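One structure is given below, encoded as structure tokens.
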Amino acid sequence: MNNKNNIQQLSNEELLDLYKKEAKPVYFGELYRRYIPLVYGLCLKYLGEEPDAQDAVMDVYEEVQQKMHRYDVRNFHTWLYSVAKNHCLQRLRKDKQALFVNIDHADMENEDVFTLLDKAKTSEEETALAYCLDELTVEQRRSVEFFYYENKSYADIVSLTGYTLAKVKSYIQNGKRNLKNCILGRLKKD
Amino acid sequence: MKLKDYIENRHGREANRLEREAMNDPFLQDAIDGFDAVPGEHVSHIEKLEKRLAPRRKGWDRRIWIGVAAALLLLVGIPLLLRQPEVKKEVNPTISQRQLPVEKDIAIPSIPKDTVLLADKVEPEPQEEEQKTVLPVITAEPAETVAEGRILDETGEPVIGASVILKGGNEGTVTDTGGRFRLAVPKGAKDTLLASFVGMKSREIPLKENVGDIRMKADDLALNETTVVGYGTQKKKSMTGAAVNFTENEDFGEPEFIAYFKKNYDTTLCADEPISIQIEFHVNDNGRVSNIRIKKTTCPALDTEVKRLLLGSPRWSRTNRKVLLNIDL
């Protein structure tokens with residue numbers, strides 16, 4: 001019984017290491033359990049139906065358990081992501097018979113530019129940032145400022161501005177992209 | 001903040017922090033998108049899944065108990081069962097003795113399985129149940145021929161589940177997991193076949209017995225439209241072919257449709273009266289509307305308008321649900 005409590009205190013990395021060394025099912029079980037919300041959410045996104053997503057969580061569990069023995073998994077987080085996503089996409093091809101084109105993260109930019117908003121900036125960066133913020137549309141600027149300066153969540157911003165959730169996300173994403181392009185452009189000029 | 005908490009409470013600094021984390025973590029972002037896109041009691045489902053995957057120590061104990069109980073039942077049960085033909089024992093002592101060792105041999109290895117096995121032993125011939133009869137294939141009538149072929153996509157991969165119909169006829173079929181189809185066609189039919197599949201350009205195929213491989217191309221417009229699910233669009237294409245001014249950037253739901261309806265309906269109908277309509281319909285995966293039923297209306301003349309505008313509306317953002325909508329003008 002003591003073991004149970006100790007297991008829950010181990011970090012994900014420790015669990016992974018222990019499982020690789022000793023192959024005890026409890027380690028894997030606890031590790032995967034921690035990932036259930038992530039896997040379930042992902043399956044909901046791609047499969048669109050709760051029962052399908054729930055089945056997929058269980059199927060991915062089996063698949064991952066088997067594959068762990070074959071591959072030397074270094075980064076469980078990213079590896080599990082690709083296994084789960086591929087599983088769901090394959091399922092989609094068989095069941096839903098629709099060609100699913102996945103473009104979501106193509107436009108997701110590197111967070112690098114956005115440390116600008118969080119960290120101390122040189123005066124050049126400050127001026128560029130101020131100028132570029134002004135260049136954004138009202139909605140983009142408000143959303144970006146709420147999110148990055150005031151640490152408001154998407155739901156908070158929806159209440160504050162009346163924009164829909166999808167629009168808030170869109171404004172932040174487009175705002176970031178515009179800021180990035182604008183700032184890089186201005187910094188290059190010097 | 002844990003994802004489980006975020007699902008229930010999207011507000012505050014901690015929520016913001018998780019959302020920022022998600023910008024760098026596509027796994028987390030996809031999961032959040034999923035919880036946004038599909039309504040449901042997520043936390044309770046997650047907890048059920050966690051229980052299902054809980055460590056099996058207790059499970060093992062239960063299994064062992066079932067095994068022990070089964071063994072006991074067998075040990076007690078077999079002598080009881082064998083007592084029934086006691087009368088016959090004196091007449092055929094050799095037969096009953098022979099039965100004992102045979103049954104024992106079968107009994108022991110099967111302890112860990114379900115106790116249902118007991119019933120199997122009582123019946124002398126369980127084999128009958130295992131034989132499956134294969135239905136004879138119905139051969140085609142001489143008045144028909146068969147058109148066969150295979151549907152492939154642009155990359156040469158088989159298209160599974162594509163519909164292949166005889167144009168102008170009642171015959172139709174669907175391609176199998178290898179992309180192949182076989183369609184019985186009345187002899188002398190001079191029509192063409194029509195192959196179609198979601199997201200691909202439909203193709204007409206001249207009717208032949210051996211159609212061969214047919215390549216289908218992706219329908220570009222459809223593909224672009226199917227990429228966006230519940231996350232907010234990133235393309236700014238404006239829709240063609242529908243009488244609307246919406247660009248794909250904006251999301252579309254009940255309030256948007258009501259505004260759209262107000263803008264586009266034929267105002268000459270029921271012009272003098274207050275209009276009150278209740279509609280029920282289904283929003284499909286791709287944001288299109290189907291199964292439209294007008295439940296109540298003060299203006300039946302507007303029925304066709306309602307349907308026309310619903311079918312022609314921009315794609316709905318929140319998909320896969322039933323909608324009950326009231327329009328009051």
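Does B:P314 satisfy the condition of being within 14 Å of chain A (Cβ to nearest Cβ) and not small (G, A, S)? Reasoning before the result, please.
Values: within 14 Å of chain A (Cβ to nearest Cβ): yes; not small (G, A, S): yes.
So B:P314 fits the description; yes.
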If B:I205 passes every condition in (1) hydrophobic (A, V, I, L, M, F, W, C); (2) part of a loop (DSSP other than H, G, I, E, B); (3) touching a strand residue (DSSP E or B) at 6+ places or on another chain (Cβ under 6 Å) but one, which one does it miss? (2)
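Quick one: which residue in A:Y46, A:Y19 is part of a helix (DSSP H, G or I), in contact (Cβ under 8 Å) with a residue 40 or more places away in the chain, more than 9 Å from chain B (Cβ to nearest Cβ) and in contact with a helix residue (DSSP H, G or I) (Cβ under 9 Å, 6 or more places away or on another chain)? So that I can check it myself, show each step before the final result.
Working: A:Y46 fails: more than 9 Å from chain B (Cβ to nearest Cβ).
Unique residue meeting the criteria: A:Y19.
Out of the residues in the range B:149-182 meeting the condition of being assigned to a strand (DSSP E or B) and more than 25 Å from the chain's Cα centre (by Cα), tell me which one is modelled with the lowest pLDDT. Spell out the reasoning first.
Just the residues of the range B:149-182 that are assigned to a strand (DSSP E or B), to begin with: B:149-152, B:158, B:163-166, B:172-174, B:180-182.
From what's left, more than 25 Å from the chain's Cα centre (by Cα): B:149, B:166.
Working: B:G149: 91, B:L166: 83.
Looking at the filtered set, the residue picked out is B:L166.
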Of the residues in the range B:181-209 that are hydrophobic (A, V, I, L, M, F, W, C) and out of contact with any Lys or Arg (no Cβ under 9 Å at 6 or more places or on another chain), the one that is surrounded by the fewest Cβ atoms within 10 Å (Cβ to Cβ) is B:A184
Taking interchain pairs and intrachain pairs at least six residues apart, which have beta carbon atoms under 9 angstrom, with the first residue in the range A:130-142 and of a type in the set (G, A, S) and the second in a helix (DSSP H, G or I)? none
With (1) exposed (fewer than 14 other Cβ atoms within 10 Å of the Cβ); (2) within 8 Å of chain B (Cβ to nearest Cβ); (3) modelled with pLDDT of 90 or more as the list, and A:L38 as the residue in question, which single condition is left unmet? (1)
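Would you pick out the residues in the range A:62-83 that are away from every other protein chain (no Cβ under 14 Å) and part of a helix (DSSP H, G or I)? Walk me through how you get there before you give the answer.
Keep residues of the range A:62-83 that are away from every other protein chain (no Cβ under 14 Å), which gives A:66-74.
The answer is A:Q66, A:K67, A:M68, A:H69, A:R70.
Here's the yes/no breakdown for (1) under 23 Å from B:N320 (Cα atoms); (2) at the interface with another protein chain (Cβ under 8 Å from one of its Cβ atoms); (3) at pLDDT 95 or above:
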residue	(1), (2), (3)
B:L3	no, yes, no
B:N9	no, no, no
B:A22	no, no, no
B:L28	yes, yes, yes
B:D33	yes, yes, no
B:P39	yes, no, no
B:K51	no, no, no
B:A54	no, yes, no
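For every residue, the table says whether it meets (1) within 11 Å of another protein chain (Cβ to nearest Cβ); (2) within 18 Å of B:R17 (Cβ to Cβ); (3) modelled with pLDDT of 80 or more.
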| position | (1), (2), (3) |
| --- | --- |
| A:R91 | no, no, yes |
| A:E126 | no, no, yes |
| A:Y131 | no, no, yes |
| A:Q140 | no, no, yes |
| A:E150 | yes, yes, yes |
| A:G162 | no, no, yes |
| A:A166 | yes, no, yes |
| A:N174 | yes, no, yes |
| A:R177 | yes, no, yes |
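The values are calculated or read from the model by the stated rules, or taken from the named source; none is laboratory data. Note that this is a predicted model, so its numbers are computed, not measured. Note: ideal-geometry Cβ built from the backbone for every residue, glycine included; neighbour counts use all protein chains shown.
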